[in-house]
């Protein structure tokens, strides 16, 4: 039943004869998710919105009250609540996009499925492994960045170009390993980083473009925009990144969906 739901939620044209991950169809489908599923997304995101909003308000109005133990403790509690609610929201998004919105509509507001711990574990493992792999690249490029720091910071186009080029191998590795994340969110056992790398074979750069392009562009846009010491601006900034995050989770879910369906199509007996 779950696999049938996954196939029904695939975007049109997602099952292609040449097994190439469809970039445009997948991106457009994920782009519609914040509006298409706004009701259930608001439900699973409500704890995150509340905890982050309170944290931003506390951080804004307590900037001149250093040393207040009560505020520090309250801030730590809000940070922990924000992290936990963020993970619940991410897992909930994957479940909506892969299993259908009914699975969230029937759940409670604070829906801890147990898959959140596995999700965090895989995320930490991916970034630890990526950091180890990326260390040689940093050793190679850091002398160049240090020697050209002044020119790079003066020329924003050059700065973002260099940073983007350095991050390409990182985006590539993270994208190909990231398929274990939606798998763990919907409680599919027996998956690993090796499985994720193998199932994305032949679609690595397509997956990298889908997963890495939007946050890279949004990061450039916000870096070029002026910043304001305003709680309204902070809330707006956070809201935009929440919407981008929903789209990113949608892109990963749809990519996982496509690649799993093609794996099943090619190996029906497995």
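Give me the residue from region 168-210 that is part of a helix (DSSP H, G or I) and without any contact (Cβ under 8 Å) to a residue 24 or more places away in the chain and, out of that set, farthest from residue 257 (Cα to Cα).
194
Checking residue 202 against (1) out of contact with any helix residue (DSSP H, G or I) (no Cβ under 8 Å at 6 or more places or on another chain); (2) surrounded by 15 or more Cβ atoms within 10 Å (Cβ to Cβ), which single condition isn't satisfied?
Answer for residue 202: the failing condition is (2).
Among the candidates 239, 254, single out the residue that is under 17 Å from the mean Cα position of the chain (by Cα) and surrounded by 18 or more Cβ atoms within 10 Å (Cβ to Cβ).
Matching residue, one of 239, 254: 254.
Considering only region 1-104, give the helices (runs of 4 or more DSSP H) lying wholly within it that have at least 2 residues that are at pLDDT 80 or above and either under 22 Å from residue 185 (Cβ atoms) or in contact with a strand residue (DSSP E or B) (Cβ under 9 Å, 6 or more places away or on another chain) (or both).
Result: 23-36, 38-61, 69-99.
Is there a residue being surrounded by 14 or more Cβ atoms within 10 Å (Cβ to Cβ) and in contact with a helix residue (DSSP H, G or I) (Cβ under 6 Å, 6 or more places away or on another chain) anywhere in region 64-72?
Scanning region 64-72 turns up no residue that is surrounded by 14 or more Cβ atoms within 10 Å (Cβ to Cβ) and in contact with a helix residue (DSSP H, G or I) (Cβ under 6 Å, 6 or more places away or on another chain).
Can you find, within region 105-117, the residue that is nearest to residue 38 (Cα to Cα) among those that are in contact with a helix residue (DSSP H, G or I) (Cβ under 7 Å, 6 or more places away or on another chain) and in a loop (DSSP other than H, G, I, E, B)?
Among those residues, the one meeting the criterion is 109.
In region 217-236, which residues are touching a helix residue (DSSP H, G or I) at 6+ places or on another chain (Cβ under 8 Å) and surrounded by fewer than 15 Cβ atoms within 10 Å (Cβ to Cβ)?
Answer for region 217-236, where residues must be touching a helix residue (DSSP H, G or I) at 6+ places or on another chain (Cβ under 8 Å) and surrounded by fewer than 15 Cβ atoms within 10 Å (Cβ to Cβ): 222, 223, 224, 227, 231.
With respect to residue 187, determine if the residue is surrounded by 14 or more Cβ atoms within 10 Å (Cβ to Cβ) and on the phi > 0 side of the Ramachandran plot.
yes
Go through (1) farther than 19 Å from residue 197 by Cα; (2) surrounded by 14 or more Cβ atoms within 10 Å (Cβ to Cβ) for residue 83 and report which single condition fails.
Just one mismatch for residue 83, condition (2).
Within region 105-126, how many residues are surrounded by 14 or more Cβ atoms within 10 Å (Cβ to Cβ), free of Cβ contacts under 8 Å to residues at least 60 places away in the same chain and farther than 17 Å from residue 45 by Cβ? Break it down stepwise before answering.
So the first thing to find is which residues in region 105-126 are surrounded by 14 or more Cβ atoms within 10 Å (Cβ to Cβ), and the list is 107, 111, 113, 115-116, 118-120, 122-123, 125-126.
After this cut, where a residue has to be free of Cβ contacts under 8 Å to residues at least 60 places away in the same chain as well, the list is 107, 116, 120, 123.
From what's left, farther than 17 Å from residue 45 by Cβ: 120, 123.
Result for region 105-126: 2.
The values are calculated or read from the model by the stated rules, or taken from the named source; none is laboratory data. Note that the structure is a prediction, hence the values are computed from the model and not measured. Neighbour counts are summed over all protein chains in view; Cβ atoms, including those assigned to glycine, are modelled from backbone coordinates with ideal geometry.
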